[in-house]
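Below is one structure; the comments refer to it alone.
The values are calculated or read from the model by the stated rules, or taken from the named source; none is laboratory data. All values derive from a computational prediction rather than experimental measurement. Cβ sites come from the backbone with ideal geometry, for glycine too, and all protein chains shown count toward neighbours. Quick note on the areas: whole protein, heavy atoms, side chains included, nothing else; ligands and nucleic acids left out. Shrake-Rupley method; radii C 1.70, N 1.55, O 1.52, S 1.80 Å.
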Amino acid sequence: MALKIYNSLTRQKEVFEPLNAPYVGMYVCGPTVSGESHLGHARPFITFDVLYRYLLHLGYKVRYVRNITDAGHFEEEGKAAEDKITSKAILEKLEPMELVQKYTHLYHWAMDQFNNLPPSIEPTATGHIIEQIEMIKKIIADGFAYEANGSVYFDVIKYNEVYSKKNQPYGILSGRNLEDQLDTTRELDNQDEKKNKVDFALWKKAPVEHIMRWQSPWGEGFPGWHIECSAMATKYLGKKFDIHGGGMDLQFPHHECEIAQSTVCNHEMPARYWVHNNMITINGRKMGKSYNNVVKLSELFDGSHPILTQAYSPMTVRFFILQSQYRGTLDFSNEALQASEKALRRLMDAYEWLKAQSFTSDKKSTDATLDQQLKTWINELPEFMEDDLNTAKVVANLFEMVPVINSLKDKHITADAVSGATWQLVQAQLALYIEQVLGIKVESGVNKKQLNGVIHLLIEIRKEAKAKKDFATSDKIRNQLLEMGIQIKDEKDGEVSFTFS
RNA sequence: GGUCGGGUGGCCGAGUGGCUAGGCAGAGCUCUGCAAAAGCUCCCACAGCGGUUCGAAUCCGCUCUCGACCUCCA
């Protein structure tokens, strides 16, 4: 068995072979922290978290780099631009760092809610301006970029001419033909600093109102969007690394441009496997800011979005995403999430019950068919994972085992139907796949409101017991609550209060 | 217009040339003080039209239809 992943570059599933086993370098494009993350953002991070977890499970030493884009036009999403030039007081000015901080924290909080493992390195674009400038200088020196009026552009036509001969034309990743693009975009062309419409910016001269700016050999400005990933990936993973991931919408132009820049600088294709997750759709349409159909993660978790009838826990959302294979679109709806919530609860109830049982390995099986069936379902789990991370099939197999576990629980079958060794196998492998590989953690369903409700109910029952002079019951309630760290106090006015210790 | 990817039962979603996942919802039964949970059973779909084949939802062609991307933007 070997892990196979779909490589967008070659358009086929390929056996994963690290360049320097057991080390694996993986770069994933992270968020732009100028606004709150939405459900669409969650998919790549959960997808690549599962890939990361699976690689770790296979024993690889993975360096997982996921950047934070904190350089750009800094204006808070949804807020109208204010006049930043005339604003005199420092505290009145828009301070990009403040936004970066706010949304980075929110993003980290969401990642944590999803039980995503933190990446090994989480570099920021603003922390790597020097590396980006150095890279641009190199590209200019090699003749693949030019300065125009304080900005620097990548010469796509020239790159294509030179690298087509080396079997790496511009457009190799997205399957685009440069001539076609020139034809289709010619009409739109106007007077521009760029030599060709297809050229992209490496460095942009900052207009006077642009508040994020840095000194460079070409004047004050800010880096183009694509260069940050090339610079950081090269710095932390080297000229060539194993996996580059991100959403499918980044394939072009972002990743295509990365390939061109990095190839000029480092003289080789930066990554070996390009992995792209598909989009989350809502009513068949990509969830995205431009469509005005985003459901923010915080709205999902507290149920405040109008299309939701209730709040959904982070694990429900994670499970919802893992019920599909990452390369297909996933259609989101309240109904679909409700289905996931119920399914997850059933799975986890069975899993947790089984986890608490103990089996002895010397017990023989009286139902060889069932015993074998369980082993088959378990043995298929790695096969499904290794077939391009087919988490949908993994989940399906987990559900095959749920009725068997529940049958044991409800004594519809006896424990000896299955051998002790097989039960132990099932216990261990469910724990491995549910908790380690899929990263689903047990959520305690109790919140403060519910807990308070329960305590009030007990106080109520205690009152009734006291009224009936049933002091045995009333004392039992008070004493046992106290043992749990909840102290009930009978106040002078007959009311009852409680405190947590 | 160009490039690419889809159309699977009420909903979400796997999938393979023949043995036709899984979840949710729905129906029946069992269990059950009531309810819930749980178990068992049922619900056999693959856009349309042709073609290849002993056999296709799965391969080919056409049609219809939906979507993504198309260079300064997360």
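Before moving on, here are some points about what is shown:
- Radius 10 Å from Cβ of A:Leu106, net charge of other residues (Lys, Arg +1; Asp, Glu -1): +1
- Length added when fully stretched, A:Glu193-A:Phe252, from 0.36 nm per residue minus Cα-Cα: 19.0 nm
- Global geometry of the range A:396-464, whether rounded, prolate or oblate, following the gyration tensor of its Cα atoms and the 1.5 cut on a/c: oblate
- Which listed pairs, of A:Lys4/A:Lys165; A:Lys13/A:Lys393; A:Lys466/A:Lys492; A:Lys61/A:Lys239, have C-alpha distances above 21 Å, in listed order: A:Lys4/A:Lys165
- In the assembled protein chains, A:Asp475 presents an accessible area of approximately 60 Å² (probe radius 1.4 Å).
- Taking all protein chains together and a 1.4 Å probe, the residues A:Ser365, A:Ser151 rank A:Ser365, A:Ser151 from largest to smallest accessible area.
- With the whole protein complex present, A:Asp410 retains an accessible surface near 90 Å², based on a 1.4 Å probe.
- For chain A, the longest piece that avoids every one of the trypsin sites (Lys or Arg not before Pro) found in DSSP loops with at most 11 other C-beta atoms within 10 Å covers A:167-363.
- Two-decimal Rg/Rh across chain A, once Rg and the Kirkwood Rh are taken from alpha-carbon atoms: 1.07
- Taken along its principal axes, the alpha carbon cloud of the range A:202-341 reaches lengths of 55, 40, 24 Å, longest axis first.
- Accessible surface for chain A, divided over its residues, is 49 Å² per residue with a 1.4 Å probe.
- Kirkwood hydrodynamic radius over Cα pairs of the range A:448-500, then Stokes diffusion coefficient at 20 °C and 1.002 mPa s, in µm²/s: 191 µm²/s
- Charge dipole (Cα centre; +1 on Lys/Arg Cβ, -1 on Asp/Glu Cβ; no other charges) of the range A:227-371 amounts to roughly 100 debye.
- Kyte-Doolittle at least 1.6, axis length at least 30 Å by Cα - qualifying DSSP helices, chain A: none
- Overall, the accessible surface of the range A:282-437 at a probe of 1.4 angstrom is composed of carbon and sulfur to the extent of 48 percent.
- Interchain or long-range residues, amide H under 5 Å from A:Leu173's placed H: none
- Electrostatic bookkeeping for A:Ala141 treats Lys and Arg as +1 and Asp and Glu as -1; over the other residues with beta carbon under 15 Å from its beta carbon, the sum is -1.
- Signed unit charges on C-beta, dipole axis of chain A, positive-most listed residue A:Val402, A:Ser358, A:Gly175: A:Ser358
- Prolate/oblate/rounded call for the range A:282-437, Cα gyration tensor, a/c under 1.5 rounded: prolate
- About its Cα centre, the dipole of the range A:282-437 is roughly 400 debye, where the only charges are +1 on Lys and Arg Cβ and -1 on Asp and Glu Cβ.
- Net charge of Cβ neighbours under 13 Å - reference A:Phe45; Lys, Arg +1; Asp, Glu -1: +1
- Dipole in debye (nearest 20) - chain A, about Cα centre, beta carbon charges: Lys, Arg +1; Asp, Glu -1: 880 debye
- Each of A:Gln261, A:Leu482, A:Gly143 was placed along the dipole of chain A (beta-carbon charges, centred on the mean Cα), and the one lying farthest toward the positive end is A:Leu482.
- Unit charges at the beta carbon, dipole of chain A: most positive-side option, A:Gln215, A:Ser419, A:Gln132: A:Ser419
- A:His456 accessible area, 1.4 Å probe, all protein chains in place, Å² to nearest 10: 100 Å²
- The range A:448-500: relative contact order as a whole-number percent, Cα under 8 Å and 6+ apart: 20 percent
- Label point at A:Ile121 placed 7 Å out along Cα→Cβ; residues across the range A:48-72 whose backbone nitrogen lies under 14 Å: A:62-68
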